[in-house]
Amino acid sequence: QVQLVESGGGLVQAGISLRLSCAASGRTVSRYGMGWFRQAPGKEREFVATITWTGLTYYTDSVKGRFTISRENAKDTVYLQMNSLKPEDTAVYYCAARGAYGLGRSESQYDYWGQGTQVTVSS
């Protein structure tokens with residue numbers, strides 16, 4: 001089993017940056033694909049970014065050029081650097097892990113999930 005714990009969320013003003021972290025335990029995720037999803041109030045959870053264990057990345061269009069996903073395998077930790085935050089980025093952000101290789105963009109492709117961390121961006 002893999003346990004995932006997100007941290008780094010908070011309340012910030014538009015234009016500010018935040019870095020989310022996702023720490024894994026229970027099993028190393030160095031060979032797992034990792035992803036970030038988010039769920040805004042009243043909306044379905046949506047894909048944000050993913051990274052393979054080899055470092056390939058993919059982003060949803062709305063965050064391209066602003067968000068960067070990265071990983072530190074020695075620490076079993078994945079990050080989401082979020083720059084130029086907008087009010088529409090307000091959501092609970094979830095980290096997820098998948099055992100299969102590839103750029104997973106669907107919730108169903110992930111095996112493990114964290115509890116989420118709230119990000120609120122004020123205008």
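The values are calculated or read from the model by the stated rules, or taken from the named source; none is laboratory data. The structure presented is a predicted model; accordingly, all values stated were derived computationally and were not measured. Using ideal geometry, Cβ is built from the backbone for each residue, glycine included, and neighbour counts are taken over all protein chains shown. Heavy atoms of the whole protein, side chains included, go into the accessibility calculation; ligands, DNA and RNA do not. Shrake-Rupley method; radii C 1.70, N 1.55, O 1.52, S 1.80 Å.
State yes or no: is Gly116 more than 18 Å from Ser21 (Cα to Cα) and open to solvent by less than 40 Å² (accessible area, probe 1.4 Å)?
No.
Write out, first by first residue and then by second, each pair whose Cβ atoms fall under 7 Å of each other, whose residues are 6+ apart or on separate chains, and whose first residue, in the stretch 100-115, is at negative phi and of a type in the set (D, E, K, R) while the second is assigned to a loop (DSSP other than H, G, I, E, B) and open to solvent by less than 70 Å² (accessible area, probe 1.4 Å).
Here the result reads Glu107/Arg45; Asp111/Gly99, each pair linking the stretch 100-115 to a residue that is assigned to a loop (DSSP other than H, G, I, E, B) and open to solvent by less than 70 Å² (accessible area, probe 1.4 Å).
Regarding the stretch 99-111, can at least one residue be identified that is at pLDDT 95 or above, surrounded by fewer than 22 Cβ atoms within 10 Å (Cβ to Cβ), under 16 Å from Ala23 (Cα atoms) and of a type in the set (D, E, K, R)?
yes
Are any residues in the stretch 19-44 under 12 Å from the mean Cα position of the chain (by Cα) and open to solvent by 30 Å² or more (accessible area, probe 1.4 Å), and if so, which ones? If you could, list the steps in order and put the result at the bottom.
Step one: list which residues in the stretch 19-44 are under 12 Å from the mean Cα position of the chain (by Cα), which gives 19-23, 33-39.
Correct list: Arg19, Ala23, Gln39.
For the stretch 45-59, enumerate the residues that are open to solvent by less than 50 Å² (accessible area, probe 1.4 Å) and under 12 Å from the mean Cα position of the chain (by Cα).
Of everything in the stretch 45-59, those that are open to solvent by less than 50 Å² (accessible area, probe 1.4 Å) and under 12 Å from the mean Cα position of the chain (by Cα) turn out to be Phe47, Val48, Ala49, Thr50, Ile51, Tyr59.
Sort out which residues of the stretch 1-17 are open to solvent by less than 30 Å² (accessible area, probe 1.4 Å) and either within 23 Å of Ile51 (Cα to Cα) or within 11 Å of the chain's Cα centre (by Cα) (or both), and write them in order of number.
Of everything in the stretch 1-17, those that are open to solvent by less than 30 Å² (accessible area, probe 1.4 Å) and either within 23 Å of Ile51 (Cα to Cα) or within 11 Å of the chain's Cα centre (by Cα) (or both) turn out to be Val2, Leu4, Glu6.
Failed condition for Asp89, given (1) open to solvent by less than 70 Å² (accessible area, probe 1.4 Å); (2) within 12 Å of the chain's Cα centre (by Cα), with all others met?
Result: Asp89 passes all but (2).
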